[in-house]
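Here the structure is laid out as structure tokens; the discussion comes afterwards.
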Number of protein chains: 2
Amino acid sequence: MAEERATLEDRAQLERLVPVLVAPIQHHVFVCTGKSCSAVGSAEVKSEFEKELLERGMLFGKEKKGKNPKGSVVLTECASVGFCAIGAAVLVYPDGVWYAQVMPSDVAEIVETHLVEGRVVERLALMRIAKSPD
Amino acid sequence: MAEERATLEDRAQLERLVPVLVAPIQHHVFVCTGKSCSAVGSAEVKSEFEKELLERGMLFGKEKKGKNPKGSVVLTECASVGFCAIGAAVLVYPDGVWYAQVMPSDVAEIVETHLVEGRVVERLALMRIAKSPD
């Protein structure tokens with residue numbers, strides 16, 4: 001067991017193996033690709049986030065994939081979160097904002113208003129999970 | 001377009017359709033089921049979270065699935081987050097804590113210490129994304 005976790009002990013090696021550790025991540029965006037969200041176009045929503053974030057140099061990822069190892073946004077697909085009736089669901093953490101019925105045409109506004117300017121897009125935000133106290 | 005979003009206008013109907021809106025959610029736990037994390041047993045890690053959270057009545061979900069519609073934890077699979085070299089990755093939001101090399105035997109401690117008591121399990125926590133200012 002101890003041996004399997006050895007990489008965690010060597011910080012320099014770890015940061016080479018896991019570049020996200022040294023990226024200035026500010027937001028983690030999840031796009032639901034569960035059955036219901038997929039049926040209303042969540043793959044297109046995710047592609048639109050990828051396009052918008054790539055254009056702005058904000059998308060964290062490998063340089064050889066055109067992404068930015070110092071990007072501030074991680075974009076990840078996720079399974080169903082319970083917004084099946086009102087997809088596509090997009091969650092922005094750590095802010096804890098759940099957006100509903102997101103269409104590709106909404107993505108630029110979420111990127112600009114929320115991820116760049118730090119203000120929630122109220123017309124699409126249906127739920128908010130407050131951060132627990134430390 | 002306006003019509004497609006009509007359900008968002010009727011709050012009572014919306015809460016029937018989307019029970020997570022009225023659940024007292026405190027934590028959203030993501031377990032990575034990307035290729036690398038799956039290869040080191042992330043499916044078992046997710047099952048263990050499901051078991052632990054079910055036993056405590058904390059797992060949000062439908063009653064007919066044995067879950068709790070008033071549960072405080074949403075548990076969701078996600079795609080790769082960049083912890084491929086150090087999986088299984090488990091993320092706890094909105095706290096913004098990314099756990100690495102999580103094994104099924106670690107899950108009870110994460111549930112008890114972090115989700116119940118509110119303290120980060122430091123020996124497994126590799127990254128933390130701070131919440132942006134409101």
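Observations on the model:
- Taken as a whole, the structure leaves A:Ser105 outside the set of residues that are within 11 Å of chain B (Cβ to nearest Cβ), over 19 Å from A:Gln26 (Cβ atoms) and either surrounded by 21 or more Cβ atoms within 10 Å (Cβ to Cβ) or in contact with a strand residue (DSSP E or B) (Cβ under 7 Å, 6 or more places away or on another chain) (or both).
- Among all positions in region A:75-91, there is at least one residue which is touching a residue at least 60 places away in the same chain (Cβ under 8 Å) and closer than 21 Å to B:Leu21 by Cα.
- Matching residues in region B:34-75 - criterion: being among the polar types (S, T, N, Q) and surrounded by fewer than 21 Cβ atoms within 10 Å (Cβ to Cβ): B:Ser36, B:Ser38, B:Ser47, B:Asn68, B:Ser72
- Search result, residues across region A:76-85 that are open to solvent by 20 Å² or more (accessible area, probe 1.4 Å) and over 12 Å from the mean Cα position of the chain (by Cα): A:Ala79, A:Ser80, A:Gly82, A:Cys84, A:Ala85
- B:Tyr99 among the hydroxyl-bearing types (Ser, Thr, Tyr), at the interface with another protein chain (Cβ under 10 Å from one of its Cβ atoms) and crowded, with 24+ Cβ neighbours inside 10 Å: no
The values are calculated or read from the model by the stated rules, or taken from the named source; none is laboratory data. Only a predicted model underlies this, so the values are computations on that prediction, with no experimental measurement involved. Reconstructed Cβ throughout: ideal geometry from the backbone, glycine too, with neighbour counts over all protein chains shown. We work out accessible area using only protein heavy atoms, side chains counted, and drop any ligands, DNA or RNA first. Shrake-Rupley method; radii C 1.70, N 1.55, O 1.52, S 1.80 Å.
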